[in-house]
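Readers should treat all values here as calculations from the given coordinates under stated rules, not as data from a laboratory. Note that the structure is predicted; figures quoted are calculated from it, not measured. Neighbour counts run over all protein chains shown; Cβ positions are idealised from the backbone, glycine included.
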Amino acid sequence: MIIDIHTHTFPDSIAGSTLLKLQNLSHTRPFTDGTQRGLAASMALAGVDFSLVLPVATAPRQVCHINDTSARLNQEGGKEGILSFGCMHPDFSDWKEELARIARLGLKGIKLHPVYQNVDFDDPRYLRILDRCGELGLIVLTHAGLDVGFPGKVNCSPEMVLRAVEQVGPVTLILAHMGGWRCWDEVERLLPHTSVLLDTAFSLGIMAPLGDGYYGPSDLKLMDQDSFMGMVRAFGAHRILFGTDSPWGGQKEALEEIRRLPLTAQEQAAILGGNAQRLLELTL
Ligand SMILES: [Zn+2]
């Protein structure tokens, strides 16, 4: 089973404008049109069985609406293999009740984005969310490290993650982009002994530039095979989850990239879907 644990889609009415805005911010090229239909087509082409959509609340007032929409998507979309997490914003006043509601709605977890939400990951407002998610059995997947659209801004560094997990109760925490985008040395130094999981989104190989001349060739390089394998060995393949950041990564391309790695068949199967299948309790 192939599961992409890190994807994004937008409502049809705003997909076009949102993608345009984000691609101009990140100077990278999208691989789908940003709609659910576009993601479904990408999955069919790549042979992905399930994609998990990760919605981000950039303002507290969006939280309930996004969670309702995500729950609806899970009810309707399960058949297409497109599922969604919920979301939370650190400044949402009713965070405690809303997290309980998220669990009641049957959502398996939430997405946090400390850069877009402009709060550090070890801030008490995130710590209380992590604690509560742990109690409710909700998975937390957070953006980690730099963001391609916000040069220089890090609100979830490996150090902040370490300080956070040391202060909260047990919680299933997935760090996107192999633990911290472009902070990979620190991730490998500081986090292997914790219980965090990593997703592979937008971390291996090279970025797909928009073609506007913003990036030089060396700017496009992400992790090479050796550094990536170093991370897999440091954390163990059972803690690595396949993700693409679609539309910002191509599912077909990312799958090929993982399949080229010197992994055992068992490790490859775990990374591409086995680990996520267990975590999300999915069956075909
Ligand atoms: Zn993402």
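Distance between the C-alpha centres of region 189-206 and region 92-144: 20 Å, rounded to the whole angstrom.
Each label was represented as a point 7 Å from its Cα along the Cα-to-Cβ direction; for M1 and E281 these points are 1.2 nm apart. The simple spin-label model puts a point 7 Å past each Cα toward its Cβ; for R233 and L105 those points are separated by 4.3 nm.
Sorting check: for 7-20, 149-162, which peptide has the highest mean count of neighbouring beta carbons within 10 Å, and how do the rest follow?
Numbers: 7-20: 16.8, 149-162: 18.5.
In descending order of packing, they fall as 149-162, 7-20.
Under 5 Å between amide hydrogens, built in the peptide plane, is the criterion, and for A201 it picks out H177, M178, G243 among residues at least 5 positions away or on other chains.
If the only charges are +1 at each Lys and Arg Cβ and -1 at each Asp and Glu Cβ, what is the size of the charge dipole of the chain around the Cα centre, to the nearest 20 debye? Please list the in-between numbers first.
On the way: 25 positive and 33 negative charges, 73 e Å.
Dipole about the Cα centre, nearest 20: 340 debye.
Using Cα pairs under 8 angstrom and six or more residues apart, how large is the relative contact order of region 3-280, in percent? All intermediate terms of the calculation are to be shown ahead of the outcome.
Working: 548 pairs, mean separation 57.9, N = 278.
It rounds to 21 percent for region 3-280.
Residue separation of S13 and L25 scaled by 0.36 nm, minus their Cα-Cα distance, works out to 2.3 nm of gained length. Placing +1 on the Cβ of every Lys and Arg and -1 on the Cβ of every Asp and Glu, with nothing else charged, gives region 1-157 a dipole about its Cα centre of roughly 140 debye. Placing pseudo-labels 7 Å out from each Cα toward the beta carbon at A41 and E166 gives an inter-label distance of 4.9 nm. Debye-formula intensities of the chain, expressed as log10 I(q)/I(0) at q = 0.07, 0.16, 0.17 Å⁻¹, are -0.22, -1.35, -1.57 (one equal scatterer per alpha-carbon, no solvent).
The residue list G34, I2, M88 was ranked by how far each Cα lies along the charge dipole of region 1-97 toward its positive end, using unit charges on Cβ atoms, and G34 comes out on top.
Taking the DSSP bridge list for the chain and keeping only pairs wholly inside it, about 10 percent are antiparallel. Ranking F242, I110, H193 by Cα position along the charge dipole of the chain, where only Lys, Arg, Asp and Glu carry charges on their C-beta atoms, puts I110 farthest toward the positive end.
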